[in-house]
1. Label-point separation (nm) for Y2 and T53, each offset 7 Å from Cα along Cα-to-Cβ?
2. In whole Hz and in residue order, list the ³J(HN,Hα) couplings for the range 27-36 that follow from phi through the Karplus curve 6.51 cos²θ - 1.76 cosθ + 1.60, θ = phi - 60°; x for Gly and Pro.
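Just so you know, all these numbers are worked out from the coordinates, no wet-lab data involved. All figures in this text were calculated on a predicted structure; none of them were measured in a lab. Cβ placement follows ideal geometry from the backbone for every residue including glycine, while neighbour counts extend to all protein chains displayed.
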Amino acid sequence: MYAHRTEATLNREGSLVLTNLPFHAGEAVEVIVMPRSNVAKAYLLRGKPVVYTDPLGPVAENDWDVQG
């Protein structure tokens, strides 16, 4: 099972029309509708690039000095 995310705007009558969905005709789907502002706040990092700086280097190099 996979999810398909899309954005749409309600028309004047308050209806919503979704087209070109990646599902088969007659297939049962679940629809969850929420205001855009809530979605934007919940996923602030969605779509942002992931950058790894020296991913194989030591972590917290100075913390390895044991005082004793």
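1. 3.4
2. 6, 6, 10, 9, 10, 10, 10, 9, x, 4
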